[in-house]
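Asker: Dumping the structure here so I can ask a few things about it.
Just so you know, all these numbers are worked out from the coordinates, no wet-lab data involved. Quantities reported herein were computed from a predicted structural model and do not represent experimental measurements. We place every Cβ from the backbone using ideal geometry, glycine too, and count neighbours over all the protein chains shown.
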Amino acid sequence: MSLKVGVIGTGMIGTDHIRRLTQVLSGVEVVAVSDIDAARAKAAAPAGAEVFDRATDLIHAAAVQAVVICSWGPAHEEQLLACIAAGKPVFCEKPLVTSEAGALRVMAAEVGFGRRLVQLGFMRRFDADYRRLKAVIDGGSLGAPLLYHSVHRNASVPEGLYTSDMPLNDTLVHDADIARWLLGDEIIGVEVRVPRRSSVGKDLRDPVVVLLHTASGALVDVEISVNIGYGYDIRGEVSCERGVAALPNRPATVISDQHGIRQAIPADWRERFIEAYDQEFREWIVAAGRGTATGPSSWDGYASTLAADAALRAAKSGLLEPVTMITKPPLYA
């Protein structure tokens, strides 16, 4: 029996997830769609799917068993709370919410419900390369992790739409989450340094370097460059006590011709992480069919929100800004 899903938000990623759920994966059916742009929702809706004007009506529809949220960040809190109140498993694209207070409200609602319902869209955890890297760290053969070097480079970002805060409150959350997951550690402080600015981004604060301090004492440095020009380049390397483990370059194919030896670079996030997106939904479909959620949780969304908030403060102060978390509820242990 197929899991009947409603999708809220039919922008680029919402439309791509509808394609994934209808054309790639099994055991799932998109039965409802909603977007603030009614024409866009109708254009994205699969044959037979009902189009709702309001997200809350979709959430409460009897035909919808689980929900995928791909709306803009400020709408997430209301929609997540409605899903939890309805007892419906929900996959939510990042960010979980846009404030610490909002994250606390979502967690309180989920804890009050008594079981996990929310999976957050941190797709890197489902990437085969990252999973192999984590297996090496967890295996202990290299000793304790001491440093994690993370690189997040975009070929370009939309001029006028991407602001100087977004490397810290939008892009950084992926690097912060994957660092927490790989190292099994929490972030307790954040520093930000701004080197010489790239002229390509005009007035944009680009690139930035973020230093994440963890509870164990391991350090994470993150380079975020959003107008690098040559492609979408994601790298990661963990320095441990007895060796180093790193992600391979993707795609791994090496080209040799009259121009020399080279590797292609993915054009964007969809190309680099297409298998990871597919896998995260495979695992979500199984869990949602059981009425629950696995994978990145509301707690992980809360942690990434705090890291982003601290980074924004650090960019202004030039100081090490602390991250203070509540005690983790047993639900997320």
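Asker: For n ≥ 4 DSSP H runs only, could you compute -39500 (n - 2.57) per run for the chain, divide by its residues and tell me the 222 nm figure to the nearest 500? It would help to have the intermediate numbers written out before the result.
Answerer: On the way: 10 runs with 110 residues, N = 333.
The helix contribution divided over the chain gives -10000 deg cm²/dmol.
Asker: With a sphere of radius 15 Å drawn around the Cβ of Tyr302, what net charge do the other residues whose Cβ falls strictly inside it have (Lys, Arg +1; Asp, Glu -1)?
Answerer: On the way: positive: Lys94, Arg105, Arg116, Arg180, Lys328; negative: Glu77, Glu100, Glu110, Asp177, Glu186, Asp300, Asp309.
Value of the local net charge: -2.
Asker: Hey, fewest Cβ within 10 Å first, where do Arg196, Arg40 land in order?
Answerer: Working: Arg196 6, Arg40 16.
Least crowded to most crowded, the residues run Arg196, Arg40.
Asker: So what's Rg/Rh here for segment 175-333, counting alpha carbon atoms and using the Kirkwood radius for Rh? Spell out each step's value before the answer.
Answerer: Details: Rg = 18.5 Å, Rh = 18.4 Å.
Across segment 175-333, the Cα-based Rg/Rh ratio is 1.01.
Asker: Ok, one more. Once the piece of chain linking Lys316 and Ala62 is laid out straight, how much longer is it, given 0.36 nm per residue of separation minus the C-alpha distance between them?
Answerer: Working: separation 254, 0.36 × 254 = 91.44 nm, distance 4.80 nm.
Answer, rounded to one decimal: 86.6 nm.
Asker: What are the residues whose amide H is under 5 Å from the amide H of Gly189, where those residues sit 5 or more places off or on another chain and H is modelled from the backbone?
Answerer: His213, Val323
Asker: Toward the positive end of the charge dipole of segment 148-206, about the Cα centre and with charges on Cβ (Lys, Arg +1; Asp, Glu -1), which of Pro158, Ile178, Leu168 goes farthest?
Answerer: Projecting each Cα onto the dipole axis, the largest value belongs to Pro158.
Asker: Less than 12 Å Cβ to Cβ from Ala101, Lys/Arg counted +1 and Asp/Glu -1: what total charge do the surrounding residues give? If you can, show how the numbers build up before the last one.
Answerer: Details: positive: Arg105; negative: Glu77, Glu100, Asp309.
Neighbour charge sum, excluding Ala101 itself: -2.
Asker: When the chain is treated as a GNM, springs tying every alpha-carbon pair under 10 Å, which of Thr292, Thr253, Thr163 comes out with the largest mean-square fluctuation?
Answerer: The residue that fluctuates most here is Thr253.
Asker: Given axes a ≥ b ≥ c from the Cα gyration tensor, I'd like to know whether segment 77-175 is rounded (a/c under 1.5), prolate (a/b larger than b/c) or oblate. Mind dumping the intermediate values first?
Answerer: Details: a/c = 2.35, a/b = 1.24, b/c = 1.89.
Oblate, because a/c is 1.5 or more while a/b does not exceed b/c.
Asker: Follow-up. How far is the Cα center of segment 251-315 from the Cα center of segment 44-83, in Å?
Answerer: Computed from Cα coordinates, the inter-centre distance equals 23 Å.
Asker: Now a separate question. With the cut-off at 1.5 for a/c, could you classify segment 1-111 from its C-alpha gyration tensor as rounded, prolate or oblate?
Answerer: Values: a/c = 1.78, a/b = 1.48, b/c = 1.20.
Prolate, since a/c reaches 1.5 and a/b exceeds b/c.
Asker: Report the full-extension gain for the segment Asp16 to Asp165: residue separation times 0.36 nm, less the Cα-Cα distance, to one decimal in nm.
Answerer: Numbers: separation 149, 0.36 × 149 = 53.64 nm, distance 2.60 nm.
Difference between extended and current length: 51.0 nm.
Asker: Taking the chain on its own, what percent of its Cα-Cα pair distances exceed 25 Å? Before the final figure, lay out the partial values.
Answerer: On the way: 29596 of 55278 pairs.
Every Cα pair in the chain considered, those over 25 Å come to 54 percent.
Asker: Select from segment 189-283 those GluC sites (Glu not before Pro) which occupy a DSSP coil region and have at most 14 other Cβ atoms within 10 Å, ordered by residue number. It would help to have the intermediate numbers written out before the result.
Answerer: On the way: sites: Glu191, Glu223, Glu237, Glu241, Glu271, Glu275, Glu280, Glu283; in loops: Glu241.
Passing both the DSSP loop test and the Cβ count: Glu241.
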